[in-house]
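See below for the structure under consideration.
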Amino acid sequence: MTTLATRPSAITTPKDSGPSVSTAPINVSSEFAPSLNGAEEFSRAVLDSVVSKRGETLSISVRSDAETIDISTRLELLLMTVGMNAGSVSARVSPSFMNHTYPAMRSLTQALDIAGFSGMWTPVGGRNIRLMESWQMFVSVDAPSAISVPGQPIRPDTLLEVVSADQIPTDWFRTRVAPRSSAKGLTTVYYGSSTRPTDGNESLFDRVRRSNLTKEWRDGMRRHFETANSAKAVTAS
């Protein structure tokens, strides 16, 4: 099983990494990249929901996995550092360990190191990162199980991120994730892209996106966001 390394400043490289998995350093700076169009507004809405404990369900259309990692790393880093004393548990669910989860873990731990927390965060159970009282958990559809250790939380209470939600089976999410994501005030966000369904069924992402747009039309509160060119891509689909 591929796990986080025991050294406090690195993550092991998967032995079976193929061409689709880059082992080059992820470009994370203390300033991070310039804000993506739509991503900043989305991030503010997420943080506002978390702080106020409103438990909003938000969605954002993205162009690539790199965009998703950029946005989610910033959110995860901020929530981990803000909650390191008071306590915070967030989780990130994605389709593939190799293509989605592993790069996201590397990005977050590099960001923690750059932010000055090298030697303070620790890997726990192979799929979790802990910074004092803050936890960031990682779950993959194709490899959901991980080593469980005493004291490890079993469900998020701050933020649940559903990455590449257009690729996550709706039934799997309903039976495996939804029962563990019912904490009061939990903010849930979905990243994905809208595509034409091949089987006539909406993807998990499109279902959430449609619901959010309907609620926006009714009450005027923004719930769905687009990064640059995403709106054009959605219209074209």
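Numbers at a glance
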item	result
In Hz, Karplus ³J(HN,Hα) per residue of segment 95-102 (6.51, -1.76, 1.60; θ = phi - 60°; x = Gly, Pro)	x, 10, 5, 5, 8, 10, 6, 4
Packing-based order for 121-130, 181-190, using average beta carbon neighbours within 10 Å, highest first	121-130, 181-190
Simple spin-label estimate for D171 and E216 in nanometres, 7 Å along Cα-Cβ	3.1 nm
For E226, distant residues with modelled amide H under 5 Å away	S61
Three-way shape call for segment 40-122 based on the alpha-carbon gyration tensor, with the a/c threshold at 1.5	oblate
Prolate/oblate/rounded call for segment 38-189, Cα gyration tensor, a/c under 1.5 rounded	rounded
Integer Hz, Karplus 6.51/-1.76/1.60 couplings in order for segment 210-216, x for Gly and Pro	4, 4, 5, 5, 5, 5, 4
3J(HN,Hα) from dihedral phi, segment 52-60, Karplus parametrisation 6.51/-1.76/1.60, rounded to Hz, x for glycine, proline	7, 6, 7, x, 5, 10, 10, 9, 9
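Taken together, the values in this text are just the output of simple stated rules run on the coordinates, not laboratory data. These figures come from a predicted structure and were not determined experimentally. Reconstructed Cβ throughout: ideal geometry from the backbone, glycine too, with neighbour counts over all protein chains shown.
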